[in-house]
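The values are calculated or read from the model by the stated rules, or taken from the named source; none is laboratory data. Only a predicted model underlies this, so the values are computations on that prediction, with no experimental measurement involved. So basically every Cβ, Gly included, is an ideal-geometry build from the backbone, and we count neighbours across all protein chains shown. Surface accessibility is based on the protein's heavy atoms, side chains included, excluding ligands, DNA and RNA. Shrake-Rupley method; radii C 1.70, N 1.55, O 1.52, S 1.80 Å.
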Amino acid sequence: RVESSEVAWPARRYVVACAAVCRTWREVTKDVVKTLEECSRITFPISLKQPGPRDCPVQCFVRRDRATSTYLLYLGLSPSLHGENDKLLLAARKIRRAARTSFVISLISDDFSHSSSTYVGKLKPNFLGTKFTIFDSQPPCDAAVLPNNKPSKRHSKQVSPRLPLGNYNVATVSYELTVLRNRGPRRMQCTMHSIPAVCIQEGGKAPTPTGMVHSLDEQVSTLSTSSKGKEPNIEFSSTSLTADLSGPISTSEAPLLLKNKAPRWHEQLQCWCLNFRGRVTVASVKNFQLVASVDPSLGVPAAEQEKVILQFGKIGKDIFTMDYRYPLSAFQAFAICLTSFDTKPACE
């Protein structure tokens, strides 16, 4: 993505080679290869887990393949005439099991193995499809490491340093039972465990990872030397916000909450409407806009609370647009949008 004409991810060695040509090229490369929030450009795969820009949304679209239950996220305003020219960011596949389904998210569209270096995370719904848990393949960048605690079956497991990283609960998406005229729009709430609510304040900063981690080597190196020679038990807190989950959560530690932007009832069209500013053209129950649900004590301006952080909507039979901005990342936004594709008998 350093070169706009390229479809594949650029290898880091080529970027370094460009920077080594001369001082002018080096300055240009340094200006491009920054965090997504700073430069508004998706450069390397790690950009997909960094918060989006504050001023303007990152505009993407999603292709759905019904035959293979695959969902592909591309960068751009709309699909090109030749699909191979679209820039693939993330791919997800719906895996059906006996009692429930799950979505596995990868960097490429033909490898959804949990042990692959392209594995990004997964999405797991409950039986009714009313609650979804988003798991990241690597811990939040501020996650607490608790090597001395006894590992629990739920939040940690014994792993080898050579194995890929596991799954870390970074968000929960909940759908409520629809009661508006019995046929109202879906209502959802997203709890972003890895993003503190205070990041919405002026001067706030959302956690920003700077590199992909594909193994536990870096994490194991932080353990004390007393565990040397043994298989280490590593316990990560399920959220990077607080280490004591049993006590009350202060406002500064509370996770960011996202909620539906309230639609308005259009009398002439006899339907619920939202202003997608031309990015959505087909009415669908899957269409939604999310805004921040902020505690009044944080003093966030009303205009900031009305700002759409994520919007998703239909423009064709199997084509959808997805626009996201700070403090969400492309991975988090894509996972939230995937919840719209699962069956929800209690919410229809």
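The C-beta contact set for the stretch 56-71 (first residue more than 20 Å from P327 (Cα to Cα) and assigned by the TED database to the domain that holds I309, second residue of a type in the set (A, V, I, L, M) and not in a strand (DSSP E or B), distance under 9 angstrom, 6+ apart or interchain) comprises V62/L338; Y71/L338.
The set of residues in the stretch 326-348 that are outside any loop (DSSP other than H, G, I, E, B) and polar (S, T, N, Q) comprises Q332, T339, S340.
Which ones in the stretch 272-324 are of a type in the set (F, W, Y) and either within 23 Å of the chain's Cα centre (by Cα) or within 22 Å of P51 (Cα to Cα) (or both)?
To start, the set of residues in the stretch 272-324 that are of a type in the set (F, W, Y) comprises 272, 276, 288, 312, 320, 324.
Answer for the stretch 272-324, where residues must be of a type in the set (F, W, Y) and either within 23 Å of the chain's Cα centre (by Cα) or within 22 Å of P51 (Cα to Cα) (or both): F276, F288, F312, F320, Y324.
From the list R26, R13, the lone residue that is farther than 17 Å from T210 by Cβ, surrounded by fewer than 18 Cβ atoms within 10 Å (Cβ to Cβ) and touching a helix residue (DSSP H, G or I) at 6+ places or on another chain (Cβ under 7 Å) is R26.
Taking V291 as the residue in question, decide whether it is surrounded by 14 or more Cβ atoms within 10 Å (Cβ to Cβ), closer than 21 Å to A206 by Cα, modelled with pLDDT of 90 or more and in the same structural domain as S47 (by the TED database).
Yes, satisfied.
If you go through the stretch 37-52 and keep only what is touching a residue at least 24 places away in the same chain (Cβ under 8 Å) and over 17 Å from R279 (Cβ atoms), you end up with E37, R41, I42, T43, F44, P45, I46, S47, L48, K49, Q50, P51. Say whether the condition of being in a loop (DSSP other than H, G, I, E, B), under 29 Å from E202 (Cα atoms) and open to solvent by 60 Å² or more (accessible area, probe 1.4 Å) is met by at least one residue in the stretch 306-325. Yes, the stretch 306-325 has at least one match.
Within the stretch 29-60, the residues that satisfy the criterion of being open to solvent by 70 Å² or more (accessible area, probe 1.4 Å) and in contact with a helix residue (DSSP H, G or I) (Cβ under 8 Å, 6 or more places away or on another chain) are K30, D31, R41, R54.
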